[in-house]
Amino acid sequence: MPIQFDVDPNVAQLAESTAEFVHDVVVPAERECGGSVHDAPEALRESLQKAARDAGVFAPHVPTRWGGHGLDLRGQAVVFEAAGYSLLGPLALNCAAPDEGNMHLLEKVATEEQKEAYLRPLAAGATRSCFAMTEPAPGAGADPRSLRTTATRVPGGWRLDGRKWFITGARGAGFAIVMARTSGSPGDPGGATMFLVDAGTPGMRLVRTIETLDESLFAGHSEIVLDGCVVGEEQVLGAVDHGFEGAQVRLGPARTTHCMRWLGAARRAQDVALERAGSRMAFGSALGDLGMVQQMLADSEIDIEASRALILRTAWELDTGSVNASQLTSVSKTFVAEAVNRVVDRAVQICGALGVSAADAPLARLFREVRPFRIYDGPSETHRFAIARRAVRPYRRPRMDVTDG
C-alpha cells in the first residue's frame, strides 16, 4: 500500500487557523505566565479553550460525534505541530497530555455508558483527567510489568491499594484511569486491569505535587496514594487482566502525538535562532554568515525535517493498522525527543546571552521543557532496547543444546 503524506485542504486550513490563533492569542498568554501552568487557575485553561472554540480550532483530534474535528493521526500531525508552537497551545486546543491520550483510549475501549460519563465531558473541556500507571521504585516505570498497585475483588466491585507518582494533571482532575494488578506478581507480563476512579472517591488521595524541571503541563505531576479505594464493577475499563494490552491502544499514539507537539516547540526555537542569526552583527558580519553558526542552523533544519517525516510515517502506520506501528512509534519517540533537544540547545547557543534570558526570549523555558521529553513516555534507552529486540527477532536462531555436536 503506498504511503500517503498528502494533506487534505481542510486539514491544511485548520492548521493555518491554528497557527494564527496560537500566534495571536496563546503566545501572549504564555508570555504573561512565563509558560508555567503547574499552579495556574482553571480560569486560564477555560479562557484559552473558549477562545479556541470561538476560533474554530478546538479539539482537532476528537471524533465529530463528541464535538471535535475528527482528524486521523496524519491530520493531527499537521495541526498538533502548529499548536505546539506555544507551550500552551495544546492546552488551549484540548489536545494536551494526558487528556488527549485518555480521550483516544476511552473512544477505543470504554463502554457506551462510560463514554457518556467520561469521554463526553473530557472532550468538551468540562473536566480534566489523569492516567495513573507510574509508581515509585521498585514499582512500574519504564518497565510496566513491575506494577505493584493491587486490585482485589470485594462485594460489588474492587479494592485498590498502592502508590502512584508522576501522575500528570492529577491535581484537580475529574477522574483518574488507574492501572492495578488483578492477578500475578510484579514482573509478570500480564494480570493488569484499568479502572475509572472518580475524584473524591474515598481511599484515593493526592499526597504531594512534585517539583519538576518542566512546568507547562497543567496542574503538574503528583503523587497519589490508594488505600482501600473501592470502585464498582462498572468502573473497570476494558477487560480484567488485559490492562497492559488496553493501555497499548493509548501509549503508541500518545507517544506519536507527543512528538507532534514538541516538534512545534523545536520549530519555534529554530525561528528565534534564525531571526537572531539574520539580525545580530558580530565580527564584521551577521551571525548567519559565520560558518559555525550556519552548521548549527543547517543541522537543526535537518532534524526538524527528518522528525516531521518520521512522525508522518508513524502516523500512517498507526492509521492503517500496520504491524510495524509499534516499531515505528519507538523509533519516532527516540529520534524526535533527541532531535528536539538538539534543536533547542543549538538555538540557545546561537543566541548566547539572549538564549539563557528568561525575560527576553522563550528559549530558556523551551530548553527546560524539552529535556524531560527524553524520559517521559519511555526513556530513549528503553525504546532502543525494544527497537533492537524487534529488529533482531527474525534473525534469531534456535538456541543449541550444549550437547549438540
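A few notes on this one:
- The criterion of at least 2 residues that are more than 30 Å from Gly278 (Cα to Cα) and in contact with a helix residue (DSSP H, G or I) (Cβ under 7 Å, 6 or more places away or on another chain) is met by the following helices (runs of 4 or more DSSP H) wholly inside segment 300-405: 325-351, 380-392.
- Taking segment 133-165 as the range and being under 27 Å from Gly220 (Cβ atoms), open to solvent by less than 60 Å² (accessible area, probe 1.4 Å) and part of a strand (DSSP E or B) as the test, the residues that pass are Thr150, Ala151, Leu160, Asp161, Gly162, Lys164.
- Complete set of residues in segment 22-35 that are open to solvent by less than 20 Å² (accessible area, probe 1.4 Å) and either more than 24 Å from Arg368 (Cα to Cα) or assigned to a loop (DSSP other than H, G, I, E, B) (or both): Gly35
- Within segment 339-381, being at pLDDT below 95 and among the polar types (S, T, N, Q) holds for one residue alone: Ser357.
- Of residues in segment 270-280 being assigned to a helix (DSSP H, G or I) and open to solvent by 10 Å² or more (accessible area, probe 1.4 Å), the one nearest to Gln295 (Cα to Cα): Leu274
- Subset of segment 53-72 that is over 21 Å from the mean Cα position of the chain (by Cα), open to solvent by less than 70 Å² (accessible area, probe 1.4 Å) and not hydrophobic (A, V, I, L, M, F, W, C) - its residue that is farthest from Glu112 (Cα to Cα): Gly56
- Residue within segment 85-100 that is more than 21 Å from His23 (Cα to Cα) and more than 16 Å from the chain's Cα centre (by Cα) present: no
- Verdict on Ser332 being under 16 Å from the mean Cα position of the chain (by Cα) and buried (at least 21 other Cβ atoms within 10 Å of the Cβ): yes
- Of the residues making up segment 255-269, those that are open to solvent by 10 Å² or more (accessible area, probe 1.4 Å) and under 15 Å from His61 (Cα atoms) are Arg255, His258, Arg261.
- Unique match (being more than 18 Å from Gly264 (Cβ to Cβ), assigned to a helix (DSSP H, G or I), open to solvent by 10 Å² or more (accessible area, probe 1.4 Å) and out of contact with any Pro (no Cβ under 6 Å at 6 or more places or on another chain)) among Glu113, Glu81: Glu113
- With respect to the conditions (1) open to solvent by 30 Å² or more (accessible area, probe 1.4 Å); (2) closer than 21 Å to Glu46 by Cβ, Tyr118 lacks only one, and its number is (1).
- Test for His38: is it within 30 Å of Gly232 (Cβ to Cβ), in a loop (DSSP other than H, G, I, E, B), of a type outside the set (S, T, N, Q) and open to solvent by 10 Å² or more (accessible area, probe 1.4 Å): no
- Residues satisfying the stated conditions in segment 348-386, i.e. within 25 Å of the chain's Cα centre (by Cα) and open to solvent by 40 Å² or more (accessible area, probe 1.4 Å): Ala358, Phe367, Arg368, Arg371, Arg374, Ile375, Tyr376, Asp377, Glu381, Thr382, Arg384, Phe385
- Answer from Gly252, Gly246 - the residue that is within 19 Å of Lys115 (Cβ to Cβ) and either touching a residue at least 24 places away in the same chain (Cβ under 8 Å) or in a loop (DSSP other than H, G, I, E, B) (or both): Gly246
- Count of segment 189-227 residues which are charged (D, E, K, R) and surrounded by 14 or more Cβ atoms within 10 Å (Cβ to Cβ): 4
- Near pairs, Cβ below 7 angstrom, 6+ apart or cross-chain, from segment 170-190 (within 20 Å of Asn102 (Cβ to Cβ)) to any residue that is buried (at least 17 other Cβ atoms within 10 Å of the Cβ) and of a type in the set (D, E, K, R): Gly172/Arg128; Ala173/Arg128; Gly174/Arg128
- Every pair of residues 6+ apart whose Cβ atoms lie under 7 Å, when the first sits in segment 307-330 and is under 16 Å from Ala391 (Cα atoms) while the second is assigned to a helix (DSSP H, G or I) and open to solvent by 30 Å² or more (accessible area, probe 1.4 Å): Ala325/Leu318; Gln327/Ile387; Gln327/Arg390; Leu328/Arg313; Thr329/Arg255; Ser330/Ile387
- Scanning segment 221-261 for residues that are out of contact with any Lys or Arg (no Cβ under 8 Å at 6 or more places or on another chain) and of a type in the set (Asp, Glu) yields Glu233, Glu234, Asp241, Glu245.
- Scanning segment 54-78 for residues that are outside any helix (DSSP H, G or I) and either on the phi > 0 side of the Ramachandran plot or not β-branched (Val, Ile, Thr) (or both) turns up Gly56, Phe58, Ala59, Pro60, His61, Pro63, Gly67, Gly68, His69, Gly70, Leu71, Asp72.
The values are calculated or read from the model by the stated rules, or taken from the named source; none is laboratory data. Quick caveat: nothing in here was measured; it's all calculated off a predicted structure. Cβ coordinates were reconstructed from backbone atoms using ideal geometry, including for glycine residues, and neighbour counts include every protein chain displayed. SASA here: full protein model, heavy atoms, side chains in, ligands and nucleic acids out. Shrake-Rupley method; radii C 1.70, N 1.55, O 1.52, S 1.80 Å.
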